[in-house]
1. Looking at segment 97-147, which of the residues that are under 19 Å from Ser75 (Cβ atoms) and small (Gly, Ala, Ser) is surrounded by the fewest Cβ atoms within 10 Å (Cβ to Cβ)?
2. Considering only segment 102-141, state which residues are touching a Ser or Thr at 6+ places or on another chain (Cβ under 6 Å) and farther than 25 Å from Lys28 by Cα.
3. Taking into account only those residues within segment 83-93 that are out of contact with any strand residue (DSSP E or B) (no Cβ under 7 Å at 6 or more places or on another chain) and not polar (S, T, N, Q), which is farthest from Trp44 (Cα to Cα)?
4. Go over the candidates Gly150, Gly136, Gly155 one by one and state the one that is out of contact with any strand residue (DSSP E or B) (no Cβ under 9 Å at 6 or more places or on another chain) and among the small types (Gly, Ala, Ser).
5. Of the conditions (1) assigned to a strand (DSSP E or B); (2) free of Cβ contacts under 8 Å to residues at least 40 places away in the same chain; (3) not assigned by TED's automatic domain parsing to the domain that holds Tyr182, Thr71 clears all except one; give me its number.
6. Identify the residue in segment 94-153 that is small (Gly, Ala, Ser) and under 38 Å from the mean Cα position of the chain (by Cα) and, among all such residues, is farthest from Arg46 (Cα to Cα).
7. Condition check: assigned to a loop (DSSP other than H, G, I, E, B) and not aromatic (Phe, Trp, Tyr). Does Ser115 satisfy that?
8. Determine, yes or no, whether Thr180 is at pLDDT 85 or above, among the β-branched types (Val, Ile, Thr), at negative phi and loosely packed, with under 14 Cβ neighbours inside 10 Å.
Amino acid sequence: MRTIVWFVFVLCALSASGKVFVAKQGQKTMLECGVSTYSDTLEWNRENDLLCSTPKVQRKYSFPRTGKSDTALRSKIRPETRLEIAGVTMQDAGKFTCKADGKSYQHTLLVVLVSASSSGDLLLGSEVTLKCQVTGMNPDSTVQWKRPDGRSHAGSQAELKSVARSDAGTWNCMFSYDGTTYSESLEIKVQEPKTTAPPPTQKSKDNGKPSCLDCVTHPKPNDALLLGLSWWMWVAIGVGCLLVLLLIVLIVVLRERNKRRKRKFRSMKNGGLPMRPKNYCQCNRPAAAAKPQQGRRREKPSAPPLQPLLME
């Protein structure tokens, strides 16, 4: 009977001890409370600082509360009991306590950061330092690197004096906490440095004459200069002069045209003539018959009298 009681006590202690969560700096992490639901109130704390508290049912004197720390401002309770922390920093590591209906569950958050002193692909023969920073661990915890070939490198830093092709691959940062080993990987890529070809040397065709590397090339006959200017510059100057001449002729023609119009306008104004001929309406009607002349009517001349015929 006593053995059963101790077994139940150990199980309860293990369930209340909580879990260890590992998060990378700058990412988002989710902490589990230890229970999936609650009936009264749920509260999350980091060390002695309140992060957030929410009641199951809104009552008169019960309402959600939020802490004022930097971690509290980036934390919120997700359905239904989990705690979400956005943008994890190295200062967020530590002990977290979840209280559900008066029962506490303590958890640990470890924040790890793996980095290389040189960003991007590493060059053969270059020097680089790999760092593994873990916060929230016990003083007696150990940190070491494991190379891609499986060999161990003691310490949280791995200094590579001359990068080789065998250094390419996945490096694992190994650290232990409460007897459990955790790891965080870092991918390393190695490439050969770019080689620059030497400048070509000019060989001399004539025997006995030294080669000339920094000689001034003489212009070809087609590119001969006239008065210090190339042929295309003379073409541009000619086209420009032609355009200016055409513009001057156009201005003179327009000016003379305006003068003629002004003289015509003044002559028409001084002579009293209408500026423009009037267009009268012309109707297509038959012309009226001529009126008879009034006065004494002219009598027709009377016929001459008949003369008697001469008798023979």
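The values are calculated or read from the model by the stated rules, or taken from the named source; none is laboratory data. Keep in mind that this is a model prediction, so the values were computed, not measured. Positions of Cβ are generated from backbone atoms using ideal geometry, with glycine treated the same way; all protein chains shown enter the neighbour counts.
1. This residue is Ser104.
2. Gly125, Val128, Thr129
3. Gly87
4. Gly150
5. Thr71 satisfies all of (1) assigned to a strand (DSSP E or B); (2) free of Cβ contacts under 8 Å to residues at least 40 places away in the same chain; (3) not assigned by TED's automatic domain parsing to the domain that holds Tyr182 except (1).
6. Checking each candidate, the answer is Gly125.
7. no
8. Considered against the rule, which asks whether it is at pLDDT 85 or above, among the β-branched types (Val, Ile, Thr), at negative phi and loosely packed, with under 14 Cβ neighbours inside 10 Å, Thr180 comes out as yes.
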